[in-house]
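Inspection log for the structure reproduced underneath, given as structure tokens.
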């Protein structure tokens, strides 16, 4: 799980062009949007596409998106769970 | 407003094509008969829908014959259909065409890109500005042919620009509206933003889940007159523009921008909110738009809400054409005594606090409002009025080719209070030094140098063009708070990096997944929207896309709107930022821009202050667009066109008296082996230096924006440096100005006077 979290932090920084952010400095439980990294609704959608492309995870409604993308930890949990249930390699 | 418009804009012709068919009757029928089960929205059939399956979309019926050559993009043919209809009863061609267009030739360009076609000739109608140009040529208009590209508010803004052309006395007749054909870029782009309702749009509904993307074209023929005459359809009473300066896509949560635009439109029309009998909402059906718009409408009309509805449940959202299609809906309302229903609605969202019309109703209407809001936070609102009992009233239409004798109100002088540019040579200082030495500035400034003064966070999610624009803004207004509140941006081809990257990813992914950030950034007005956010600029925010004359078009729009500011506003609210920029893209530029040549890009920006008069000797030079007309299309007619341009400028003697030097922007795609240059030099018979700027600045559509900055500096310095004098040494301008002449598809002249 730690590995997935670290990987997600790198992918978030890359995907959202957060050049001034060191991936390792993102706390697992810190809020990703609003106050935390200062990300907005378009960033959420960009991550939704990244998750679908790279992890085969579909997030089709806003509520789910908001819940899943609360923090790196919640995102990693959701990916791990859904990969397991779909039998995809984890 | 600061002027009392005595010249009014009457609508004497209209043309419309939508998924409901062609002509006003077809639209009225759709407005009366549509229901959530039966409406002109159908599952996508125009192209492959991708793995999600076809979503409901608005598509102009396939059995409908469209005019124009088969190798024209769909947008151009839809536009021509509307234009021919609007002009059907007119005896004379319009003096100008003003259209709102976003994706231009994209429907065809997508096919060509997918097929790997590399021949630039096939992409010649890609540019958004080519739609208005083709329409103008088809209806015999000599231009200007202007294009506004402010995403979903484009046509609303275009109609406001047309209104000001009429009021300023610059035109007798203007054909104005908008056109957009459905293409993959927009269909998939809005899907990826989760803004498309899979069940078909349900504006203002409690369960609303997005829009239905659509297509169409609509145009109004506006006629200048002091009083209505028999046969006029209605009157365009006013228009208001604003910018949210809040977010690239989401509206201001309190609907501030929408409120400001509607308020400005009422003020412009000289009407109080109680005089509005109906509001045609932007009402896209997205959660955020409808919520913000409802707040704004309730704020504006307070306790007396007029009947409201969104008609996007009937026609879908035709993006750049929406403002024009809905202006036609308003004309249907005014002339057929019809309050249109909010189709798609099952249960109104109680949180909106609106009571949308559930069924069409009969009512005699006098004045109605139409809203159009777009990405980039660009907002427009229009007010249209009924013209009744006109029989027997005096007719005050001017004759063929006539111009109104005197401008109806005060005209502003635009004083240059600051300027900045970017080229391959570097920022303003580096560019000026090389240019003054007669050395080439053309090239691509490395990205790190472009953004050297910008905080990294500002550049996040921004590719080449918005970075060029933000860098120009930063150079000109390092103190954002003190910067101008109104932005007029010209770009020939828009954000090519975002467009390319989005399409490339979309075409390579079997699931049609691509970056929403790229889609949002691909609209032509995204850079100006970013700059507005950076400067907190909530005033009018326009993006013009008129090929090589995009900067000149932005300047014209700035002149037209210079005095369009509430009197209570501060002097700073009157200031304007006029800029032009284009990026070079290694894949798309060689296909879209016929100029070719060595890669080059950049831009230029002027900070302008409207002043009562342009007395010389004040601080800084003044700038004024003196001519903007279409060049003749046939090579053998070009010499006559250039002679007409020189005549419009007062003839060769006047040129020699007024100007110490000419800067000429002649795009490579129009050089005709040097023919055009020779013809111009001959027609102008100019005694002083004539500087050919493209070889110095490079081939890109906004090269003239850079030339404008350099011209302003030449005039401020009072001499043409030795490097530009063709061996004559420094040439004193002798108190005279510099004229920047554009010789592309439009022939333009911009005056810089001391």
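Let's see how each residue does on (1) within 20 Å of the chain's Cα centre (by Cα); (2) crowded, with 22+ Cβ neighbours inside 10 Å:
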{"position": "B:179", "(1), (2)": "yes, yes"}
{"position": "B:183", "(1), (2)": "yes, yes"}
{"position": "B:202", "(1), (2)": "no, yes"}
{"position": "B:210", "(1), (2)": "no, yes"}
{"position": "B:214", "(1), (2)": "yes, yes"}
{"position": "B:217", "(1), (2)": "yes, yes"}
{"position": "B:229", "(1), (2)": "no, no"}
{"position": "B:245", "(1), (2)": "yes, yes"}
{"position": "B:253", "(1), (2)": "no, no"}
>> Being in contact with a strand residue (DSSP E or B) (Cβ under 7 Å, 6 or more places away or on another chain) and either over 17 Å from residue B:462 (Cα atoms) or in contact (Cβ under 8 Å) with a residue 60 or more places away in the chain (or both) is the filter here; which residues of segment A:28-62 pass it?
In response: A:32, A:33
> Residues B:743, B:696, B:645, B:710: which one is out of contact with any strand residue (DSSP E or B) (no Cβ under 6 Å at 6 or more places or on another chain), over 21 Å from residue B:432 (Cα atoms), crowded, with 22+ Cβ neighbours inside 10 Å and assigned by TED's automatic domain parsing to the domain that holds residue B:592?
Replying inline: B:743
> Identify, please: which residue in segment B:410-460 is part of a loop (DSSP other than H, G, I, E, B) and within 14 Å of another protein chain (Cβ to nearest Cβ) and is, among those, nearest to residue B:738 (Cα to Cα)?
Replying inline: B:451
>> Step by step: first the residues of segment B:559-587, then only those that are more than 25 Å from residue B:420 (Cα to Cα) and at pLDDT 95 or above, then the one that is surrounded by the most Cβ atoms within 10 Å (Cβ to Cβ). Which residue is that?
In response: B:587
>> If I ask for residues that are buried (at least 22 other Cβ atoms within 10 Å of the Cβ) and within 14 Å of another protein chain (Cβ to nearest Cβ), which ones from segment B:468-515 would you list?
In response: B:497, B:498, B:502, B:506, B:514, B:515
> How many residues are out of contact with any strand residue (DSSP E or B) (no Cβ under 6 Å at 6 or more places or on another chain), part of a strand (DSSP E or B) and in contact (Cβ under 8 Å) with a residue 60 or more places away in the chain when one looks only at segment B:360-377?
Replying inline: 1
> Can residue B:494 be described as in contact with a strand residue (DSSP E or B) (Cβ under 9 Å, 6 or more places away or on another chain) and on the phi > 0 side of the Ramachandran plot?
Replying inline: yes
>> Residues that are at pLDDT 95 or above and closer than 30 Å to residue B:592 by Cβ, at least 2 per element: which helices (runs of 4 or more DSSP H) completely within segment B:645-745 meet that?
In response: B:675-684, B:694-697, B:703-717
> If the Cβ limit is 7 Å and pairs must be 6+ apart or interchain, which residue in segment B:177-205 that is within 14 Å of another protein chain (Cβ to nearest Cβ) pairs with which residue that is part of a strand (DSSP E or B)?
Replying inline: B:190/B:196; B:190/B:211; B:190/B:213; B:195/B:211; B:196/B:211; B:196/B:213; B:197/B:211
>> Quick check on my filter: what residues within segment B:608-621 are in a strand (DSSP E or B) and at pLDDT below 95?
In response: B:609, B:610, B:611
> Can you pull out the residues in segment B:265-321 that are touching a residue at least 24 places away in the same chain (Cβ under 8 Å), surrounded by fewer than 24 Cβ atoms within 10 Å (Cβ to Cβ) and in a loop (DSSP other than H, G, I, E, B)?
Replying inline: B:270, B:271, B:277, B:302, B:304, B:305, B:306, B:307
>> Of all residues being more than 14 Å from residue B:311 (Cβ to Cβ) and under 16 Å from the mean Cα position of the chain (by Cα) in segment B:361-376, which is modelled with the highest pLDDT? Just the residue, please.
In response: B:373
>> Being surrounded by fewer than 24 Cβ atoms within 10 Å (Cβ to Cβ) and within 14 Å of another protein chain (Cβ to nearest Cβ) is the filter here; which residues of segment B:516-538 pass it?
In response: B:533
> Does any residue of segment B:66-81 turn out to be outside the structural domain of residue B:492 (by TED's automatic domain parsing), under 24 Å from residue B:231 (Cβ atoms) and in contact with a strand residue (DSSP E or B) (Cβ under 7 Å, 6 or more places away or on another chain)?
Replying inline: yes
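The values are calculated or read from the model by the stated rules, or taken from the named source; none is laboratory data. Model, not experiment: these values are computed from the prediction. Glycine gets a Cβ as well: all are built from the backbone with ideal geometry, and neighbour counts include every protein chain shown.
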